[in-house]
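The values are calculated or read from the model by the stated rules, or taken from the named source; none is laboratory data. Note that the coordinates shown come from a computational prediction; the quantities given were computed from them, not determined experimentally. Here the Cβ positions follow ideal geometry from the backbone for every residue, glycine too, while neighbour counts run over all protein chains shown.
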Amino acid sequence: MIWLAGGLLAVVVLQTTIAPWVQLGQVRPDLFLLLLYLGSFKMNPTQACLMGCLLGLYEDALSGAPLGLNAFTLSLLGHALVRVREEVDQNRLVPHLVLLFLTGLSAGLMTSGILAFFGMGRDFGESLLWIILPGAAYTAAVGGLLVFGSRLRRIVQVTL
């Protein structure tokens, strides 16, 4: 679990320093979700649920969102990711990208739904079109680079 503390520290630093520089419009990659995704392949459902709750609380504290909003969302997604991981081929990029996109989409939809329930959200169509879908795609692209970046480097070195 030392990797969790190091990963959390790295994500907090990157989310607060680097992420605003790579922001496209109002969309930035969700590094907390990526850490949960990467960690879910090493955990059982209960551990992933607790990790999601911890990551969500940190994300809520940094983003100014209502405390518990992302904690609830990420804990549910952590549990679901562990359940789905047996179906994902570890050596292929496309299943990882699809799962990352669907995870980002689910996180955005759950967050938007919870905010709408409490009367705090934006218009759903506008949020879906301009924030949720691009955010899920951006997170999936960054996650794909993280998951397969070392393999890509080896392929480029071999072909050169």
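Here residue 115 does not qualify as assigned to a helix (DSSP H, G or I), among the aliphatic types (A, V, I, L, M) and modelled with pLDDT of 95 or more. Give me the pairs: first residue in the stretch 39-67 and in contact (Cβ under 8 Å) with a residue 40 or more places away in the chain, second residue outside any loop (DSSP other than H, G, I, E, B) and basic (Lys, Arg), beta-carbon distance under 9 Å, and six or more apart or on different chains, which are they? Sorted first by the residue in the stretch 39-67, then by its partner, the pairs are 40/85; 41/85. Would you confirm whether or not the stretch 87-105 contains a residue that is charged (D, E, K, R), more than 21 Å from residue 146 (Cα to Cα), assigned to a helix (DSSP H, G or I) and more than 12 Å from the chain's Cα centre (by Cα)? No, the conditions are met nowhere in the stretch 87-105.
Okay, residues lined up against (1) among the β-branched types (Val, Ile, Thr); (2) surrounded by 17 or more Cβ atoms within 10 Å (Cβ to Cβ); (3) touching a helix residue (DSSP H, G or I) at 6+ places or on another chain (Cβ under 8 Å):
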{"residue": "77", "(1), (2), (3)": "no, yes, yes"}
{"residue": "83", "(1), (2), (3)": "no, no, yes"}
{"residue": "94", "(1), (2), (3)": "yes, no, no"}
{"residue": "100", "(1), (2), (3)": "no, yes, yes"}
{"residue": "106", "(1), (2), (3)": "no, yes, yes"}
{"residue": "112", "(1), (2), (3)": "no, yes, yes"}
{"residue": "118", "(1), (2), (3)": "no, no, no"}
{"residue": "123", "(1), (2), (3)": "no, no, no"}
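Screening residue 21 with (1) buried (at least 18 other Cβ atoms within 10 Å of the Cβ); (2) closer than 19 Å to residue 138 by Cα gives one miss only, at (1).
Consider the stretch 100-116 and keep the residues that are of a type in the set (A, V, I, L, M) and in contact (Cβ under 8 Å) with a residue 40 or more places away in the chain. The one that is farthest from residue 82 (Cα to Cα) is 115. Taken as a whole, the structure places residue 50 among residues that are surrounded by fewer than 20 Cβ atoms within 10 Å (Cβ to Cβ), over 25 Å from residue 130 (Cβ atoms) and at pLDDT 95 or above.
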